[in-house]
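Input: a single structure, listed below in structure tokens.
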Amino acid sequence: MQAKIVQALNKLFERHRIVFWYDPNGDVHEEYRALSLEEIEKIEIANNEFGIKYRVLRQEPDLKFLLYHNGARPADRDNWLLDVLLAHGEFRTDKVSLWLSELGLGLEFADVVNEHTEFYESVKRCEALKKLLKSDDTPGKLRLKMLAVCTSAEPRLESVLEMLLAEFADEREEKMKLCDRCHLLGFFWQQLEKTYGYNSSTPSLQDFTIELFKSCYAMAVDGEVKLTPDALVFLKRWKDSRRWEKVFEKLSDSTTEILDIEKDLNRRDFRVLLEVDYFRLIDRKILRDLAKAVRDRTVSSADVSAWTRQRRQGHWYGEHEHLYTAVDHAGQFLAFIDQIDLSIESATDGVQKYCQSWFRLDQNYRKFIFHAVESGQSSLLSSLNEQIENFYSNRYLLPLGDRWQRVVDGLERWSIHGTTLQKNFFRHWVEPFLKKDKKVCVIISDALRYEIGDELVSKIRQEDRFEASLDATLSMLPSYTQLGMAALLPNETLAIVGEGGNGTVQVDGHSSQGLENRGKILEMALGEKKKKAIAIGSEDLMKLNGEESRCLFHAHDVVYVYHNRIDMVGDKRDSEERVFEAVEKTFDELVVLIKKLTNANATNLIVTADHGFLYQHGAIEESDFSVSEIEGEEIYFRNRRFVLGRGLQETKGAKKFHAKEVGLDGEIEIQIPKSINRLRQQGSGSRFVHGGATLQEVIVPVIVINKKRRSDLSTVKVDILRGSSTTITSGQLAVNFYQKEPVTEKVQAIKLRAGIYTSSGEAISDSHELIFDSTSENPREREKQVRFILTAKANTMNNQEVFVKLEEKVEGTSHYREYQSIAYTIQRSFTSDFDF
């Protein structure tokens, strides 16, 4: 008791020079007498009022006095010290007064404290409240801070609401019950009505949640709205918060069924919903209708891509990313195939057209299939998937294969003007580095076909200080691993081993089968040039630490690194359907591998492959199997796409080559089924195949990579476009943002937050997370309009300057820094406050 009295009195003396202490029943007279306060004079009031007044006001006007009276406070008309009392402070020893004193609150807060005594019975709550108090607190602010303490929130209504909604979503009510015991719920519901317009005769969190989602959805689709725009601002901030996103999702899902959102969505055009993301079903509605529109060709691929980019900013995009990406690539595929001309004038013309544009169909097909499979939504995409499969096979793969086959049939030798034959790879790409005494590293990724190489180049260029260029080489025939791997080594002659050889290849008379033999061939060829070489598997290289890697490159002039992911998965019947998944993993592995190599001082890198491949995700039609049975005097080796032997019989369904016609030594003969046809073979897969002569199998990428000394990445620049007026006259404001340049590999996208703020930095609108990632060359397509909803706080800013701001997140933190801003003036007419 004594300690509390001392503490309370010291608080009072911080604000008053004179403090009165009336003890109605004389209960604390002993405590008064025992009291010792530094630099404070104690005087007991006992019919000495005039002398006290003269002393404290005239004689010692700078000293502090505690004036104690053993009895009740006199009526004002009988109190000779009333003027002194009113000008200074009074100490009371009842609970409310002690609490006020402990907290440093004035008597004007007595009614508030008395109304919520349950709150102050807890020392822990009082301590927490004390930390929040400020000198300008009002009774309303005090109650809000009490709510904050009860809910473990910040002293803001939206923070209190977020905490209570989180508890409600978790089907708990401890915080809510505490607020009720402390008689704070009435104040809470009053604040929800004042701020968000929520009014109910039986208010509850469930009822508020339903009305919140209902009204905010109605604001977007012109329905019945009962809440204020501030409710929409709250919902947007809440759903976009990393901390509360799961709570939002849980309550959104539970509200969806109550409001029968699915029924409402079924009658709306998906375009109306592109900016709305309050319910998971909205994305499903958009995706269903968008997939149908793409299939029916009622939307342009440019619109599909733009809408997909727009939805990236939505709350549920992460759950549906694969679906959106699949539909986007489907749109690009169909737009391309509708205008494609597959005419081929010559072998050179065919290769050039494939490398310049046709490969995009293989790429979009691969991306569509991969993302469709990853989405796990086979039913949603079933009709679109069927169409893509049909068009890919029957309007692209087969006709292109047939037309290219006519070109191949007309070739006297397997050689195409303007395209380096794979057996000359070392001479054409590697030796120039050696002649300049530069070291070089070659990465050979099995079955990395040309369209995959194109995407890999883009991914490499997106890395800081990395530059990459794409060229093509013509693979050997047959286009299979043993021959392709041998052709990439330094060589004078290549020969397929005949009987018992199982398709193995000799380089200058030496077996090239396996990593060890390839390393020996490199050593022998480079030894003559007084250079050192080594062959190593990518997995073994990745196991080396930094110092071991540097030593490896310091000791060798040429390093061949062998990577195998695509072919390893595709060549097995049980796993071939996952080949496009293997491609995505290959991208990640190769980028990591390239970075490791450059960190080990490998500055000149070349990435290539042994061959490409054909792949159709759907079941292979009976018509895609060759009707011809290949027979001969001797059959050494066969698979789905080629046969090796001697005395092979000519057949209408296959093209026959002699060794010398395809740049090989020896007398071996090769037969390849025409176009995209497969040979029947027990036990092997039929969807992923290679060995034939289609463009997809024989056009192999050659990627030359180097690392620069200086950073070469930048982000796109964004401007806030100033409209014709800089005044805000209503509760909404539409603002245009302009991405000043297209996104490229080296000019990357930027994510910014946009909102309207006062000069002191207080938000007075909803905020929008904006991704500027347009790759369009058309400036119009790089404009983005955003409509801001102003909060009630904006009404207090009439005729004052406010700012539309773009802010950029500080990397690795939750903080933002200003990116750009422009000033507006709020000029609201008083008539806007009326409903007529």
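The values are calculated or read from the model by the stated rules, or taken from the named source; none is laboratory data. Note that the coordinates shown come from a computational prediction; the quantities given were computed from them, not determined experimentally. We place every Cβ from the backbone using ideal geometry, glycine too, and count neighbours over all the protein chains shown. Calculation scope for accessible area: heavy atoms of the full protein, side chains included, ligands and nucleic acids excluded. Shrake-Rupley method; radii C 1.70, N 1.55, O 1.52, S 1.80 Å.
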Quick one: how many residues across the range 1-32 are closer than 19 Å to Ile45 by Cα and either open to solvent by 60 Å² or more (accessible area, probe 1.4 Å) or in a loop (DSSP other than H, G, I, E, B) (or both)? 9
At pLDDT below 95, of a type in the set (Gly, Ala, Ser), open to solvent by 50 Å² or more (accessible area, probe 1.4 Å) and closer than 26 Å to Lys572 by Cα - does that describe any residue in the range 610-630? yes
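Please find, among Lys530, Lys438, the residue that is within 30 Å of Arg709 (Cα to Cα), open to solvent by 20 Å² or more (accessible area, probe 1.4 Å) and under 42 Å from the mean Cα position of the chain (by Cα).
Details: Lys530 fails: under 42 Å from the mean Cα position of the chain (by Cα).
Unique residue meeting the criteria: Lys438.
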Inside the range 192-231, can you point out the residues that are part of a loop (DSSP other than H, G, I, E, B), under 21 Å from Leu144 (Cβ atoms) and open to solvent by 60 Å² or more (accessible area, probe 1.4 Å)? Asn199
Test Gly685 against the criterion of being more than 30 Å from Leu605 (Cα to Cα) and touching a residue at least 24 places away in the same chain (Cβ under 8 Å), and give yes or no. yes
Starting from residues that are part of a helix (DSSP H, G or I) and within 19 Å of Arg518 (Cβ to Cβ), keep the ones in the range 543-565 and report whichever is most open to solvent (accessible area, probe 1.4 Å). Ala555
Among (1) within 25 Å of Ile286 (Cα to Cα); (2) assigned to a loop (DSSP other than H, G, I, E, B), the one test that Gly331 misses: (2)
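Here are Glu808, Glu745: which of them is out of contact with any Ser or Thr (no Cβ under 8 Å at 6 or more places or on another chain) and either in a strand (DSSP E or B) or not polar (S, T, N, Q) (or both)?
Working: Glu745 fails: out of contact with any Ser or Thr (no Cβ under 8 Å at 6 or more places or on another chain).
Result of the check over Glu808, Glu745: Glu808.
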Selected residue (criterion: surrounded by the most Cβ atoms within 10 Å (Cβ to Cβ)) from residues of the range 794-814 that are at pLDDT 90 or above and within 20 Å of the chain's Cα centre (by Cα): Leu806
Inside the range 167-191, can you point out the residues that are under 17 Å from Pro139 (Cα atoms) and either aliphatic (A, V, I, L, M) or in contact with a strand residue (DSSP E or B) (Cβ under 7 Å, 6 or more places away or on another chain) (or both)? Leu184, Leu185
If you go through the range 339-381, how many residues are among the charged types (D, E, K, R) and at pLDDT below 95? 0
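So is Gly484 within 22 Å of Val700 (Cβ to Cβ), in contact with a helix residue (DSSP H, G or I) (Cβ under 7 Å, 6 or more places away or on another chain) and touching a residue at least 40 places away in the same chain (Cβ under 8 Å) or not? Step through it out loud before you land on a result.
On the way: within 22 Å of Val700 (Cβ to Cβ): yes; in contact with a helix residue (DSSP H, G or I) (Cβ under 7 Å, 6 or more places away or on another chain): yes; touching a residue at least 40 places away in the same chain (Cβ under 8 Å): yes.
Here the answer is yes, as Gly484 does meet what is asked.
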Would you confirm whether or not the range 342-355 contains a residue that is within 30 Å of the chain's Cα centre (by Cα), assigned to a helix (DSSP H, G or I) and closer than 24 Å to Arg449 by Cα? no
Being touching a His at 6+ places or on another chain (Cβ under 7 Å) and touching a residue at least 24 places away in the same chain (Cβ under 8 Å) narrows it down to one residue among Arg646, Arg641; which is it? Arg641
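In the range 682-716, which residue that is in a loop (DSSP other than H, G, I, E, B) and hydroxyl-bearing (Ser, Thr, Tyr) is farthest from the chain's Cα centre (by Cα)? Talk me through it step by step, then tell me what you get.
Going through the range 682-716, the residues in a loop (DSSP other than H, G, I, E, B) turn out to be 682-687, 690-694, 708-713, 716.
Filter again for hydroxyl-bearing (Ser, Thr, Tyr), leaving 684, 686, 694, 711.
Working: Ser684: 40, Ser686: 37, Thr694: 38, Ser711: 24 Å.
That would be Ser684.
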Over the range 283-300, the set of residues β-branched (Val, Ile, Thr) and either crowded, with 16+ Cβ neighbours inside 10 Å or under 26 Å from the mean Cα position of the chain (by Cα) (or both) is Ile286, Val294, Val299
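Evaluate the following for Asp766: is it crowded, with 20+ Cβ neighbours inside 10 Å and at pLDDT below 95? Give the steps one after another, and end with the answer.
Values: crowded, with 20+ Cβ neighbours inside 10 Å: yes; at pLDDT below 95: yes.
When the stated conditions are applied, Asp766 passes them.
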Looking at (1) part of a helix (DSSP H, G or I); (2) without any contact (Cβ under 8 Å) to a residue 24 or more places away in the chain; (3) surrounded by 11 or more Cβ atoms within 10 Å (Cβ to Cβ), which is the only condition Arg58 fails? (3)
Which one is nearest to Asp402 (Cα to Cα), of the residues in the range 635-665 that are open to solvent by less than 40 Å² (accessible area, probe 1.4 Å) and assigned to a loop (DSSP other than H, G, I, E, B)? Gly653
Look at Asp240 and say whether it is open to solvent by 20 Å² or more (accessible area, probe 1.4 Å), touching a strand residue (DSSP E or B) at 6+ places or on another chain (Cβ under 8 Å) and touching a residue at least 40 places away in the same chain (Cβ under 8 Å). yes
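What residue, of Ile670, Ile703, Ile720, is at pLDDT 95 or above and open to solvent by 10 Å² or more (accessible area, probe 1.4 Å)?
That would be Ile720, the only listed residue that is at pLDDT 95 or above and open to solvent by 10 Å² or more (accessible area, probe 1.4 Å).
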Hey, could you check the range 377-410 for residues that are closer than 19 Å to Ile699 by Cα, open to solvent by less than 40 Å² (accessible area, probe 1.4 Å) and not hydroxyl-bearing (Ser, Thr, Tyr) and say which is nearest to the chain's Cα centre (by Cα)? Leu397
Selected residue (criterion: farthest from Ile5 (Cα to Cα)) from residues of the range 61-95 that are free of Cβ contacts under 8 Å to residues at least 24 places away in the same chain and in contact with a helix residue (DSSP H, G or I) (Cβ under 6 Å, 6 or more places away or on another chain): Asp76
Being within 27 Å of the chain's Cα centre (by Cα) and in a loop (DSSP other than H, G, I, E, B) is the filter; apply it to the range 728-742 and report the residue that is nearest to Ile789 (Cα to Cα). Lys740
Quick check: anything in the range 716-726 at negative phi and in contact with a helix residue (DSSP H, G or I) (Cβ under 8 Å, 6 or more places away or on another chain)? no
So Glu777 passes all but one of these: (1) among the acidic types (Asp, Glu); (2) open to solvent by less than 60 Å² (accessible area, probe 1.4 Å); (3) in a loop (DSSP other than H, G, I, E, B). Which condition number does it fail? (2)
Residue check, Glu154 out of contact with any Leu (no Cβ under 6 Å at 6 or more places or on another chain), part of a loop (DSSP other than H, G, I, E, B) and at pLDDT 95 or above: yes
Quick one: would you say Phe234 is closer than 25 Å to Asn266 by Cα, buried (at least 18 other Cβ atoms within 10 Å of the Cβ) and out of contact with any His (no Cβ under 9 Å at 6 or more places or on another chain)? no
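For the range 146-187, which residues satisfy the criterion of being polar (S, T, N, Q) and within 22 Å of Ala763 (Cβ to Cβ)?
Thr151, Ser159
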